[in-house]
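So the structure is just underneath, and the comments pick up after that.
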Amino acid sequence: MPTPTVRTMTPADEAAAIDTIVLAFIADPMARWSWPDAHTYLASMPALSRAFGGRGFARQTAFCTTDYAGVALWLPPGVSPDEEAMSQLMAQSLPAAKRPDADKIFEQMAAYHPSGPHWYLPLIGVDPSLHGQGHGEALMRFSLEQCDREHLPAYLESSNPRNISLYKRHGFEPIGTIQAGSSPPVVPMLRPPR
């Protein structure tokens, strides 16, 4: 099987890329804890994806494999998610009983973020019908080459335990656990500079 080709996306690719992210996270423990019913998940996940990683499109740090089979939305040093948009979305879409726990999760996420310059991977996903074909591997290799050229650390939070082995293969190490109330655990992971 040939190695998937990776390219840099532009804002014109955003809609197709977000569709892939929505598919990729359809069974994600944290996403479905947040929005357990299908309608709310499908209505909310595109907006969350844009708020969480959408700034990568304009900065040319959003990448995909052929036909958007896999997508990685990276944020370069000094660029953060749109926290205001994320807070608004959570306030409007999360079940009221989960909002306090969601706030605690975001507080914990902020506490684990490196304080100095680093690359942040808010979202990476592969169309579930194309798992096992190397899309995630190709995206990670491509992106981490940039981190290594700049000798900067990379940081992510894994909301799905099945993905931790992929991240470990690429040099990420768990640095804690994020969890509040009935939420599933999220694992913050850091890859030191190389």
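The values are calculated or read from the model by the stated rules, or taken from the named source; none is laboratory data. Predicted model, so just to flag it, every value in this text is computed and none were measured. We place every Cβ from the backbone using ideal geometry, glycine too, and count neighbours over all the protein chains shown.
Here's the yes/no breakdown for (1) under 21 Å from G136 (Cα atoms); (2) touching a strand residue (DSSP E or B) at 6+ places or on another chain (Cβ under 7 Å); (3) surrounded by fewer than 18 Cβ atoms within 10 Å (Cβ to Cβ):
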site: P4; (1), (2), (3): yes, yes, no
site: R7; (1), (2), (3): yes, yes, yes
site: E14; (1), (2), (3): yes, no, no
site: A17; (1), (2), (3): yes, yes, no
site: T20; (1), (2), (3): yes, yes, no
site: M30; (1), (2), (3): yes, yes, no
site: L42; (1), (2), (3): no, no, yes
site: S49; (1), (2), (3): yes, yes, no
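What residue, among those in the range 149-176 that are more than 16 Å from the chain's Cα centre (by Cα) and assigned to a helix (DSSP H, G or I), is surrounded by the fewest Cβ atoms within 10 Å (Cβ to Cβ)?
R149
Are any of the residues in the range 62-74 in contact with a Cys (Cβ under 7 Å, 6 or more places away or on another chain), crowded, with 20+ Cβ neighbours inside 10 Å and touching a residue at least 40 places away in the same chain (Cβ under 8 Å)?
Yes - at least one qualifying residue is present in the range 62-74.
I need the full set of residues from the range 180-194 which are over 17 Å from the mean Cα position of the chain (by Cα), touching a residue at least 40 places away in the same chain (Cβ under 8 Å) and surrounded by fewer than 18 Cβ atoms within 10 Å (Cβ to Cβ), in order please.
Within the range 180-194, A180, G181, S182, P193, R194 meet the criteria.
Just wondering, is there one or more residues in the range 129-148 that are outside any helix (DSSP H, G or I), in contact with a strand residue (DSSP E or B) (Cβ under 8 Å, 6 or more places away or on another chain) and not polar (S, T, N, Q)?
Taking every residue of the range 129-148 in turn, none turns out to be outside any helix (DSSP H, G or I), in contact with a strand residue (DSSP E or B) (Cβ under 8 Å, 6 or more places away or on another chain) and not polar (S, T, N, Q).
Go through (1) surrounded by fewer than 16 Cβ atoms within 10 Å (Cβ to Cβ); (2) at pLDDT 95 or above one by one and return the number of the condition P81 breaks.
(1)
So, of the residues in the range 1-54 that are β-branched (V, I, T) and part of a strand (DSSP E or B), which turns out to be nearest to L130 (Cα to Cα)?
It comes out as V6.
So which of L89, L73, L23 ends up being among the aliphatic types (A, V, I, L, M) and in contact with a Phe, Trp or Tyr (Cβ under 9 Å, 6 or more places away or on another chain)?
L73
For S80, state whether it is under 14 Å from the mean Cα position of the chain (by Cα) and not in a strand (DSSP E or B).
Details: under 14 Å from the mean Cα position of the chain (by Cα): yes; not in a strand (DSSP E or B): yes.
The answer is yes for S80.
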